[in-house]
Every structure is written in structure tokens, then in C-alpha cells.
Amino acid sequence: MSAPRLDIHLDQIGHNARSLVNRLEVKGIAVCGVTKATLGSPEIARQILAGGATSLGESRIENIEKLRGAGIEAELILIRSPMMSQIDRVVSSADVSLNSELDVISGLSACALGQNRRHGVILMVELGDLREGIMPCDLHEFVSRVLALPGIELRGIGTNLACQSGVIPDGANMSELSALASSIESTFGVVLEIISGGNSANLPWAFDATTDVGRINHLRLGESILLGREPIHRSVLSGLHADAVSLVGEVIESKEKPSQPRGAQGQTAFGESVQHRQARGESHRIIVALGHQDLDPDGITPPIGFEILGASSDHLVLACVASAPVVGSELRFGLNYSALVRSMTSPFVSRNYVETDQEA
């Protein structure tokens, strides 16, 4: 197949989903499989659902519409706050959305009435990471106003941690979310179906044998399913595949070159200053047809025997300390979540869905 491409092992992704679902089910926690990093891939979505996820989470309404168009009938949750300019599409295609602005929910209410539908909302609460969320002191008044809106069903509350500021989910912030849920139920006489504690960063907390999960019964998992890792330390989770997705690039140059640049130096194409390396005489350098237009170069791991020296828009430069590859050969790279998102959404990177034992 052509390169650059992503080799995607669907059975390994399905295994990761099933393993996480089974481990969390013991704790009474359901899994929303987040497919936002896959550009709404129906193939990956079906594997995650087959693994036991109760719903799918997407950050873009375009991806939700794509999944609906592919015949995905599972509950779809828009996990980024809806844009006012898209609320009609949100009500049409998404079952639930995560919200923190009353004006947006009021707009969803009007659209739901116009479409003769009900739209579910999960209210996001700010618990320290300083991304989206209602301040806890404002939550009761917010709930009161949401409950008065026609066409809107309050499905639950949630929070997001470890994204904007890296705040770690722990017993304190999860207990606070549980207490807020119980307080809302007792104050307003409602039952909250979903208490969404967060994302893959919650897994070390959830899997700890000493953890009391309280009211938390829902997690939104993406990185752990796709890459087998938790986002706090990027550690591989026990029993999961960390190489379900890999990136393949093609060598377009392979030459002996000096180890030091020649001539006066300024900034690179991306505004960086090159750090001078120790002179090592000539070394073998290769160029792979990959660059910033395809991925986050800082988020890939080269094969053993290669070192990434830098990247421009279209060229990835590596030093080769192993046997030099020939032009036209391929190299396989590991990915972190940043590189996965960028490469999955690049129009220049194709996808190859393979069986685990199939040679790419």
C-alpha cells in the first residue's frame, strides 16, 4: 500500500475496549468510547461498540453525522460544548451533548421543540483543570433553569480533568463530583443517570483496589482504547495493546551527509533555533515523506537504530545508525495521542485496516 499510512489493527482496538469495559464493569462504571481521534471512523466505532461500550463520544458534529450516515445506531454524545451555529445539527444527530452555557442549552431546547425531539444534556462542572465547566457554587441555580427548559432532558453531570492543566483525577475531586450529584438529586427530586468522572486519565484512580468510586458510573475513554495508555504518565495499561495503530512512512532520500550544517544560521521554517549537536563527521541521513502537514513530529517514536533530527512541512529527517534503508523502503513509527490525532485527521495519510498477524 501507499505511504504515508496508518496501519490499524481493529482486533487489538476491540481487545482494548473489551478489557477496559470488563475491568470497569466490576466498579459499576460504563464506558463511552471516544472516537474523536479517528475522524469518526465507523470501522473503529464498531469495534469499540462490540467491545461493550454503551455509547460513543465525538467532539465534532461532522463526525457524528458521518457515524449516523454509516448506520451507527448507538447513543452518540457530543463531548465538546455545542457551537451556537450548529445547535440544529446537534439536536438532529446527537443524542446527548456536554454543556456549560445556559444560552446554548436554551438554543438546544428551541431546536428540540422545532424538531419534535428531546435532547439529553450532561452539565460539565469545573473541578480544577480550568477548561470547560460550571463553577460548583453556580451549579444549583444552573440546574434549576435547565429543568425548566422544554425538550431538554437532564441526563447527568460530569467533569473533565488532566487536559488543560494536567490536574489528576483523585479521591478528592471525584468525591466532590459525587457529592454534587447527590445534592442535585435531593434538592430537585430528580435522578441523574450519568455521573461522568472524566477520561482515560481517571483509570489509575478507578483501577486502584482501595478506590471508592462513589457515584461515578461513566468514563469517556479514547487514548486508552486506541493506544493502550493512560494520559497522566503515558504508561501502558496492563493487558492492553499499545501498538494497535502505527504510522508507516516512505524513504525518499538516503545519503551520507555531514553531521553539522554549513553557513550562517537563523530560524527554521517553523521558527525554531537549531541546537548544535556534537560534530560526528559524516553520518547516514535519510528523509521520510512525512512532516508537520501529516502529524506532530514530536509525537512519534522511530524504529530502533534511527534518531529523529527534525521535521519541516513535508520532510522528516533521521540519522541512521543501523543498516541504511534504500529509497522507496518503508519505516514504521510509534505514535502518541497528539501524533495519532494529527495523522488520523490529515488528508495526506491513508488508513489500512489489518489483521494482527498480517504483515503490513
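Working carefully through the options GLY334, GLY328, GLY291, find the one that is assigned to a loop (DSSP other than H, G, I, E, B), modelled with pLDDT of 95 or more and under 26 Å from the mean Cα position of the chain (by Cα). I'd like the intermediate steps shown before the answer.
Working: GLY334 fails: assigned to a loop (DSSP other than H, G, I, E, B); GLY328 fails: under 26 Å from the mean Cα position of the chain (by Cα).
Answer to the selection: GLY291.
Might you let me know whether segment 116-132 holds any residue that is outside any loop (DSSP other than H, G, I, E, B) and farther than 21 Å from VAL34 by Cβ?
Restricting attention to segment 116-132, the residues satisfying the condition of being outside any loop (DSSP other than H, G, I, E, B) are 119-125.
Of the ones still in play, those that are also farther than 21 Å from VAL34 by Cβ are none.
No, segment 116-132 contains no residue that is outside any loop (DSSP other than H, G, I, E, B) and farther than 21 Å from VAL34 by Cβ.
Could we say that LEU177 is assigned to a helix (DSSP H, G or I), modelled with pLDDT of 95 or more and in contact with a helix residue (DSSP H, G or I) (Cβ under 8 Å, 6 or more places away or on another chain) here? If you could, list the steps in order and put the result at the bottom.
Values: assigned to a helix (DSSP H, G or I): yes; modelled with pLDDT of 95 or more: yes; in contact with a helix residue (DSSP H, G or I) (Cβ under 8 Å, 6 or more places away or on another chain): no.
In short, no.
For segment 180-201, name all the residues that are assigned to a strand (DSSP E or B) and among the hydrophobic types (A, V, I, L, M, F, W, C).
At the first step, the residues of segment 180-201 found to be assigned to a strand (DSSP E or B) are 194-198.
Result: ILE194, ILE195.
Name the one entry in VAL190, VAL167, VAL236, VAL213 that is closer than 20 Å to GLY51 by Cβ and surrounded by fewer than 22 Cβ atoms within 10 Å (Cβ to Cβ).
VAL236
Exactly one condition in (1) touching an Asp or Glu at 6+ places or on another chain (Cβ under 8 Å); (2) more than 24 Å from THR211 (Cα to Cα); (3) touching a residue at least 12 places away in the same chain (Cβ under 8 Å); (4) not polar (S, T, N, Q) is not met by GLU126; state its number.
(2)
Tell me yes or no: at least one residue of segment 177-193 is touching a residue at least 12 places away in the same chain (Cβ under 8 Å), closer than 25 Å to ALA45 by Cβ and out of contact with any Cys (no Cβ under 9 Å at 6 or more places or on another chain).
yes
Sort out which residues of segment 193-210 are hydrophobic (A, V, I, L, M, F, W, C) and either touching a helix residue (DSSP H, G or I) at 6+ places or on another chain (Cβ under 8 Å) or exposed (fewer than 14 other Cβ atoms within 10 Å of the Cβ) (or both), and write them in order of number. Break it down stepwise before answering.
Filtering segment 193-210 for residues hydrophobic (A, V, I, L, M, F, W, C) gives 194-195, 201, 203, 205-207, 209.
Correct list: ILE195, LEU203, TRP205, ALA206, PHE207, ALA209.
The values are calculated or read from the model by the stated rules, or taken from the named source; none is laboratory data. The structure presented is a predicted model; accordingly, all values stated were derived computationally and were not measured. Positions of Cβ are generated from backbone atoms using ideal geometry, with glycine treated the same way; all protein chains shown enter the neighbour counts.
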